[in-house]
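The values are calculated or read from the model by the stated rules, or taken from the named source; none is laboratory data. No experiment lies behind these values; they were computed from the predicted model shown. Using ideal geometry, Cβ is built from the backbone for each residue, glycine included, and neighbour counts are taken over all protein chains shown. Accessible surface is based on the protein model in full, side chains and every heavy atom, while ligands, DNA and RNA are left aside. Shrake-Rupley method; radii C 1.70, N 1.55, O 1.52, S 1.80 Å.
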Amino acid sequence: VYKRQMRYMVDGQWEQLPAMDRETGDGMLVALKQLCLLNPADRRSAQSGSVNAKIKKEKFNVTLQSQGVPTGERVLVRLESNEIPFDSLGDIGMRDKMAAAFKQHLNDEANIVLISAPKTEGLTTTWNVSINAADRLVRDFQSFEDATRPEPEIININPNYFGGDTGLTPFEAVRKAILKEPDVFLFPEAIEAETFQTAIDQVTKNEKKIITRIVAGGAVEALMRFVAQYPEQRDMIAEKIACVTGQRLVRRLCDNCKVGFQPAPQLLQQLGIPAGRVAMLYQPFIPPPIEQQVDENGRPAPITPCHSCQGRGYLGRIGIFELLSPGPQLRDALTKTQDFGRLAAIAKSEGFHNVQTEAVLTVARGLTSLDELKRAFARKS
């Protein structure tokens, strides 16, 4: 008997579901393909489509991708909310002090802000929340986007499309926008050197601002990659870069069922936390084996899973952030070397706290567990 195997990805972790019988699974897949304007009868070719959906009051974009494989057909369904589910930098995990410093950089003039994250580690969400945190209500923000891959709409962000049916190149889109005298140039994707030079000329000559993003393993690596994209502008980037963010995603402990424990002095020492600074750390609630779930009379008394996290121990994800604000030594080194080790050492000497250091603070704040840090940092960025 053939069955449809199903998995859900919850907070970045795959969870196996009970197999669905073939008749029900096929019927569901036919319906989904029809809604996404795909061919239900074609189970071999690669197909991709989407449809808008509404669940209660929340609107989603449902994307379906299918591909024939030797054992049948592999299908990926992605549900993405049309609304940004976070209101502030604090909501996504950034410490208050860091968020205040980052917002100051976002709202300064005549510089460049670079936002980075590894692939699949929340770069798009951080970008959207960061732009929402900037003073876009009092300054003119112009975003430059590929017409075939538009960004989610943000109030008071004016998109300028290129490619697709526009007939415009990125350079032409930027030149047209300059006539509007914008305050801030947003580049969600890398652009060619000529276009970037045009934008950075506005930064140096007219005190405008650039905010852009890049996929990278950390803030120092992001800065290196950014400079490598525009080697002819290396000196100007070194002079005008205000800050670079980096991040990693971890699962957030469920506030309803997390369990506190008093850490041993040796553990605090290993984590670099001064004695007496943190009285309690937290870990997920792990129920005992089912045979040990009994009442005082020894009769079976299964523990009801937490109603918030459904017994996972974690609910949602947060970012662990690093904020690099280059000092004079790092700015000078950027013009002379692309040696990661040397640049990282200089950044540290100027007070930069990398994401590993920030991760310990996230544990100390009771937001995640040590086991989750080990899992998250064991992944390759």
Determine, yes or no, whether Ala228 is among the small types (Gly, Ala, Ser) and in contact with a Ser or Thr (Cβ under 8 Å, 6 or more places away or on another chain).
no
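Of all helices (runs of 4 or more DSSP H) completely enclosed by segment 199-314, which ones contain at least 2 residues that are out of contact with any Leu (no Cβ under 6 Å at 6 or more places or on another chain) and modelled with pLDDT of 95 or more? Give the derivation first.
Working: elements: 219-229, 234-240, 265-271.
In segment 199-314, 219-229, 234-240 are the helices (runs of 4 or more DSSP H) which contain 2 or more residues that are out of contact with any Leu (no Cβ under 6 Å at 6 or more places or on another chain) and modelled with pLDDT of 95 or more.
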Number of positions in segment 352-363 that are within 19 Å of Arg331 (Cβ to Cβ) and either open to solvent by less than 50 Å² (accessible area, probe 1.4 Å) or charged (D, E, K, R) (or both):
1
Residue match in segment 3-15 (condition: open to solvent by less than 50 Å² (accessible area, probe 1.4 Å), more than 30 Å from Asp135 (Cβ to Cβ) and β-branched (Val, Ile, Thr)):
yes
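Against the definition (open to solvent by less than 60 Å² (accessible area, probe 1.4 Å), within 26 Å of Asn61 (Cβ to Cβ) and part of a loop (DSSP other than H, G, I, E, B)), how does Ile154 come out, yes or no?
Working: open to solvent by less than 60 Å² (accessible area, probe 1.4 Å): yes; within 26 Å of Asn61 (Cβ to Cβ): yes; part of a loop (DSSP other than H, G, I, E, B): yes.
In short, yes.
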Can you report the number of residues in segment 326-348 which are surrounded by 18 or more Cβ atoms within 10 Å (Cβ to Cβ), among the small types (Gly, Ala, Ser) and within 26 Å of the chain's Cα centre (by Cα)?
2
Please work out which one of (1) of a type outside the set (Lys, Arg); (2) assigned to a loop (DSSP other than H, G, I, E, B); (3) over 30 Å from Tyr230 (Cβ atoms) is the condition Asp371 fails and give its number.
(2)
